[in-house]
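Each remark here refers to the structure printed beneath this line.
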């Protein structure tokens, strides 16, 4: 006599194991990519080379370079603005690289759940 009903997806344990292996592989790749990103440096220069800021992949400022022309005691505000602009641009470079690495890793799924409605 044929069995009726049963549990749909009885083949699921094998698929679940494959899914877990893929998730573990992706996690290892994410960790490797994060470590590689943290070791990189990103530099932004503004004001025609007057101010240069270098940021690590850990989002820490590692170097600030000022040309003599940038240091005007009568216009400290402009120097402050250039430092902020260079720092923000270097941080945008880190974010851009991080997003590119994640997109490559996830195959462009577009966030958690891959666009699934839950």
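Table: residues versus (1) in contact with a strand residue (DSSP E or B) (Cβ under 9 Å, 6 or more places away or on another chain); (2) modelled with pLDDT of 85 or more.
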{"position": "10", "(1), (2)": "no, no"}
{"position": "13", "(1), (2)": "no, no"}
{"position": "22", "(1), (2)": "no, yes"}
{"position": "29", "(1), (2)": "no, yes"}
{"position": "47", "(1), (2)": "no, yes"}
{"position": "66", "(1), (2)": "yes, yes"}
{"position": "88", "(1), (2)": "yes, yes"}
Within segment 101-112, take every residue that is surrounded by fewer than 13 Cβ atoms within 10 Å (Cβ to Cβ) and part of a helix (DSSP H, G or I) and give me the one that is modelled with the lowest pLDDT. 112
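Please specify each residue of segment 45-64 satisfying the condition of being under 15 Å from the mean Cα position of the chain (by Cα) and in a loop (DSSP other than H, G, I, E, B). Before you say what the answer is, go through the steps one by one.
Looking only at segment 45-64, we keep the residues that are under 15 Å from the mean Cα position of the chain (by Cα), and these are 55-60.
Matches in segment 45-64: 57, 58, 59, 60.
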Selection count, segment 65-77, where residues are surrounded by 14 or more Cβ atoms within 10 Å (Cβ to Cβ), out of contact with any helix residue (DSSP H, G or I) (no Cβ under 8 Å at 6 or more places or on another chain) and in a helix (DSSP H, G or I): 0
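Residue-by-condition table, conditions (1) over 11 Å from the mean Cα position of the chain (by Cα); (2) in contact (Cβ under 8 Å) with a residue 12 or more places away in the chain; (3) part of a helix (DSSP H, G or I); (4) surrounded by 15 or more Cβ atoms within 10 Å (Cβ to Cβ):
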residue	(1), (2), (3), (4)
17	yes, no, yes, no
28	yes, no, yes, no
43	yes, yes, no, yes
99	no, no, yes, no
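The values are calculated or read from the model by the stated rules, or taken from the named source; none is laboratory data. What you see is a predicted model, and the numbers here were worked out from it, not measured in a lab. A quick note on method: Cβ atoms are made from the backbone with ideal geometry, for glycine too, and the neighbour counts reach across all protein chains shown.
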